[in-house]
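The values are calculated or read from the model by the stated rules, or taken from the named source; none is laboratory data. Remember, it's a predicted structure, so these values are computed and weren't measured experimentally. FYI the Cβ positions are ideal-geometry reconstructions off the backbone, even for glycines, and counts take in every protein chain you see.
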Amino acid sequence: MVNLRALAETDLGVTLEGEWSMLVKLTGPSGVEQPDIPAQVVYETIEETETGVETIVRPSVVTVRISTLVTVPVSGETWGVEIPVSPVVGAATETFILSDRPLEGGESIGFLRLYLTKAEQV
Amino acid sequence: MMQFRVVKQAVTDLLGAAAVNRYSTIGYQEQMRPSNKDATVYVFFQSGEFPKSGSSQSGSKRHDITLKVELMVASKAVGDLAALTNVASTDGERATALANFDKGSKQADASWDDLADIIYQLIMAANNQDLGLAVGNVASRWIRSVQKETVIPRGERVVLTGSMDLTCTVEEQVLGVALVPGTEFETDIPVGDDPNDNTGVLAVNPAP
């Protein structure tokens, strides 16, 4: 009998790492970088038509397949996450900090959802 | 215009004039609160009470108003982003940068306290006792309470809201159907046969 959880984890290779994926770079608390991690990236701004000001109301979210990672983020740790800000090939990237909001997902489901906070130079 | 509206606008103008790029001032509740502004102050009328008295039936009405002054900050994580993104940085330098990053929630907490400090000092300053209006328009200006809410993520920032209850007392006038206060009286009404005894009073409704 096919183990459905194992099958679902295999399917992540398509849903998270397939043609809709974008490459991100994770930097863990040890400073070690994990570049070129395929992930689903949601990053969206809304421009107020009256003022032209960009208003970001949707959180930036990166969803990664856990089995792809060498070191897995844990809630409470400080991680740097560099993402392309557009799906266009060669798009500029921006580095965010992992939010202190608890991570969603885990080993039992095979993926991790990372919420990002904008970072500012001190 | 009723006085509660005048006072609300006065508080909005008072805070707006003193902002000096430290915060934005908005005189109503926004449905979509943007998280791209570092600090925003919302001023709006929340509630009012009209204590009933004998004199208020025909005269001005005492109005004890409560204005809500909402404070919202939206903060980012702050740290050595340059060290984190520099391709020449070592693992140790990146680790140090990450370890010293202040999370957005910590920044938001400090920013909100700063904003509350500024706004309280402005509103309660002795020279703002009349909230920028002429003397006599406002009485008993008082910030009754301050409350900080729970930090929430919104967009790519951490948002923290809270509010102050600003109370004061004003006098409201009821202008009537013709929008003219009071009733007109004719006083040159002769009483009896003495043409010099014009002491009668006739109440005449004002013309529309």
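Things to note:
- Any hit, the range B:122-134, residues being surrounded by 16 or more Cβ atoms within 10 Å (Cβ to Cβ) and at pLDDT below 90: no
- When residues in the range B:142-153 are screened for being in a strand (DSSP E or B) and surrounded by fewer than 18 Cβ atoms within 10 Å (Cβ to Cβ), 8 of them pass.
- Looking across the range B:77-102, the residues that are within 7 Å of chain A (Cβ to nearest Cβ) and surrounded by 23 or more Cβ atoms within 10 Å (Cβ to Cβ) come down to B:A77, B:G79, B:L84, B:R94, B:L98, B:F101.
- Scope the range B:125-155; condition within 14 Å of chain A (Cβ to nearest Cβ) and touching a Leu at 6+ places or on another chain (Cβ under 6 Å); matching residues: B:V151
- Extreme residue, farthest from A:E17 (Cα to Cα), among residues of the range A:95-122 that are facing chain B (nearest Cβ under 10 Å) and surrounded by fewer than 18 Cβ atoms within 10 Å (Cβ to Cβ): A:V122
- Flag if A:E107 is of a type in the set (D, E) and at pLDDT below 90: yes
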